[in-house]
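One structure below.
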Amino acid sequence: MIIPHPLLGPRDAQEFTYLGDASLINRPDWQSENAMQEFHDYLYLRDNPAGLHRELWFHEQGDRSWLVVTRNTMTHEITQVELASDVARSHGRSR
Amino acid sequence: MTYSGFRVIREALTGHKGWRPVWRDSKPKPSYDFVIIGGGGHGLATAYYLAREFGEANIAVVEKGWIGGGNVGRNTTIIRSNYLLDGNEPFYEFSLKLWESLEQELNYNAMVSQRGILNLVHSDAQRDAARRRGNAMILNGSDAELLDVDGVRKLYPFLNFDNARFPIKGGLLHRRGGTVRHDAVAWGYARGADRRGVDIIQNCEVTGFRIENGRCLGVETTKGFIGATKLGVSVAGSSSRVMAMAGMRLPIESHVLQAFASEGLKPTLPGVITYGAGHFYCSQSNKGGLVFGGDIDGYNSYAQRGNLPAVEDVAESGISLIPALGRVRLLRSWGGIMDMSMDGSPFIDKTPIDGLYFNGGWCYGGFKATPAAGFAFAHLMSTDRPHKTATAYRLDRFRTGQIIDEKGQGAQPNLH
């Protein structure tokens with residue numbers, strides 16, 4: 001697979017390590033009343049669709065940026081790549 | 001129709017005209033007491049043991065494709081009972097004992113071959129870990145033998161013993177481990193179940209569940225609604241997709257694992273060997289091809305095919321362990337979809353929905369578990385209590401902290 005890095009252009013997927021479901025960006029609030037439940041769901045119940053999947057890849061052998069890649073799990077086709085920091089900011093986070 | 005040597009000779013002399021299909025191609029009835037979704041090894045074994053062991057009747061197996069067309073026909077056929085943890089090892093030992101009597105039980109030649117599995121070690125630390133694992137296996141009634149380097153050399157003189165980075169220092173030999181003809185397991189269980197009246201419904205895809213007031217009433221399929229008093233889902237690889245139709249999220253990711261077969265060779269590898277340095281394992285099929293594999297590709301996939309880096313990695317590991325492999329041509333490679341669970345261990349459990357039971361999360365170890373998983377799932381569905389060897393395989397274990405993490409990797413499915 002080739003991942004089109006938003007800053008570096010097309011890069012071989014071998015340069016990356018894979019973490020999984022991009023919702024791992026949204027860490028729950030540890031002070032929330034349902035924190036136990038929320039952390040359980042956050043850590044263990046991830047999206048696992050057959051089709052478009054938003055997922056975190058880490059450019060370990062490159063610029064060490066985290067990317068949110070939208071990839072079709074039926075065909076391995078990559079349709080969108082964003083910097084994870086941009087995605088986090090778009091959710092209203094400071095970083 | 002019972003198989004025997006006499007029967008083979010009689011058929012040979014009469015032009016093989018007496019063989020008949022060994023299971024009926026059933027049409028679905030409006031409802032059953034037990035419906036199993038998934039006609040793979042586990043689903044067929046579940047139906048078989050429900051009828052054979054627990055005396056249940058009115059059972060159906062619903063399969064999207066055809067019998068033997070899923071992961072039961074795509075794996076690398078290894079059976080073993082060499083786990084470390086108490087939640088796992090009694091279950092896999094139970095499974096291996098069932099394998100040992102499977103062919104007599106089913107009257108079907110599944111080519112169960114206990115040729116021994118050797119896990120190589122390459123350092124003192126690895127030898128200590130192997131000794132600990134071997135002791136855990138023996139405590140649970142399995143067998144294990146720690147070999148020194150001469151012991152390994154006697155069995156496999158052609159290995160690369162003096163690799164500068166990963167020299168072979170010995171190995172843990174599990175003599176009762178081995179291989180089985182995988183398709184024959186599916187066919188044998190299908191025939192056994194059919195003979196006990198189980199309806200096997202092929203080319204019948206599940207499209208939804210009918211759930212009312214927290215109770216599962218049956219399943220919607222491409223061949224219409226099938227009512228079920230108890231419904232079991234046994235569709236490893238597609239567990240998340242199927243259970244999503246019942247509104248459930250599972251602690252499972254689907255990943256692709258590739259496997260490989262070489263051209264046919266004369267008898268080369270007497271048993272199964274695994275490399276302790278990378279992830280590589282290899283055996284020789286009865287047809288002569290070397291069957292081998294390694295790590296999963298490492299990203300979510302339902303594509304049933306992988307990418308070249310994993311192929312390269314497996315080939316490199318193989319050649320660094322067995323240099324002679326460099327002259328062997330790779331004949332085929334293929335991919336299968338694995339339920340990778342969050343701790344690397346499976347689930348055989350009830351769900352929060354009444355009458356709906358789940359068996360899945362087998363990572364890439366489901367084949368060896370086939371008889372015990374079928375037995376334990378049948379036990380659960382028939383008695384509503386878990387089988388004594390499968391009490392740890394609960395869906396809520398991440399909530400309670402009772403995880404079974406054989407490799408100690410944490411909640412990272414692509415590392416298990």
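The values are calculated or read from the model by the stated rules, or taken from the named source; none is laboratory data. Just so it is clear, the model here is predicted, and its values are computed rather than measured. Please note: Cβ atoms are built from the backbone with ideal geometry, for glycine as well, and neighbour counts cover all protein chains shown. Side chains included, ligands, DNA and RNA excluded: accessible areas come from the protein's heavy atoms. Shrake-Rupley method; radii C 1.70, N 1.55, O 1.52, S 1.80 Å.
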Original post:
Can you tell me the accessible area per residue over the protein assembly as shown, all protein chains present, probe 1.4 angstrom, in square angstrom?
Top reply: 44 Å²
Original post:
Within the P(r) computed for the protein assembly as shown, what percentage of the Cα pairs occupies the region above 33 Å?
Top reply: 42 percent
**OP:** Would you mind counting up the charge near B:A228? Only other residues with Cβ under 10 Å from its Cβ, with Lys and Arg at +1 and Asp and Glu at -1.
**Re:** +1
Subject >> Point-charge dipole on Cβ atoms (K/R +1, D/E -1) for chain B, about Cα centre, debye to 20 >> reply: 980 debye
Subject >> Unsatisfied cross-links (Cα-Cα over 21 Å) in the set B:K368/B:K388; B:K64/B:K368; B:K350/B:K388; B:K29/B:K64 >> reply: B:K64/B:K368
Subject >> Cut-off 19 Å, label 7 Å out along Cα→Cβ of B:W334, residues of segment B:273-288 by amide N >> reply: B:281-288
Original post:
For segment B:317-416, what's the radius of gyration and Dmax over Cα atoms, in angstrom?
Top reply: 17.5, 57
Original post:
Over segment A:2-90, what lengths in whole Å, largest first, do the semi-axes of the equivalent ellipsoid take, defined as the square roots of 5 times the eigenvalues of the alpha-carbon gyration tensor?
Top reply: 26, 15, 10
Original post:
How large is Rg/Rh for segment B:237-335, to two decimals, with Cα atoms and a Kirkwood Rh?
Top reply: 1.08
Original post:
Calculated from DSSP H runs of 4 or more alone, at -39500 (n - 2.57) each and per residue, what is the 222 nm mean residue ellipticity of chain B, nearest 500?
Top reply: -8000 deg cm²/dmol
**OP:** Tally up the carbon and sulfur contribution to the accessible surface of the protein assembly as shown as a whole percent, 1.4 Å probe, everything protein left in place.
**Re:** 51 percent
Original post:
With point charges of +1 on the Cβ of Lys and Arg and -1 on the Cβ of Asp and Glu, referenced to the Cα centre of chain B, which listed residue (B:G344, B:G355, B:G15) lies farthest in the positive direction of the dipole?
Top reply: B:G15
**OP:** Let me have the relative contact order for chain A, percent, based on Cα pairs under 8 Å that are six or more residues apart.
**Re:** 26 percent
Original post:
Which distance in nm do the two modelled labels at A:E60 and B:N109 give, with both placed 7 Å along the Cα-to-Cβ direction?
Top reply: 4.7 nm
Original post:
How much length is gained on full extension from B:L415 to B:A12, taking 0.36 nm per residue of separation minus their Cα-Cα distance?
Top reply: 140.0 nm
Original post:
Rg to Rh for segment B:1-135: what is it, with Cα atoms only and Rh by Kirkwood?
Top reply: 1.07
Original post:
Between B:Y156, B:P167, B:G365, whose Cα lies farthest towards the positive end of the dipole of the protein assembly as shown when Lys and Arg beta carbons carry +1 and Asp and Glu beta carbons carry -1, centred on the Cα centre?
Top reply: B:Y156
Subject >> Interface area, A with B, accessible, probe 1.4 Å, both sides summed, Å² nearest 100 >> reply: 2200 Å²
Original post:
Under a point spin-label approximation (7 Å from Cα along Cα-to-Cβ), what is the B:R327-A:Q31 distance to one decimal in nm?
Top reply: 7.1 nm
Original post:
Measuring from label point to label point, each 7 Å out along Cα→Cβ, what is the B:H279 to B:K388 span in nm?
Top reply: 3.4 nm
Subject >> Å³ per residue enclosed by the Cα convex hull of segment B:83-205 >> reply: 166 Å³
**OP:** List the equivalent ellipsoid semi-axes of segment B:156-247 in whole Å, largest first, each obtained as the square root of 5λ for an eigenvalue λ of the Cα gyration tensor.
**Re:** 45, 20, 12
Original post:
If you line up the Cα atoms of chain B on their principal axes, what length do they span on each, largest first, in Å?
Top reply: 65, 63, 41
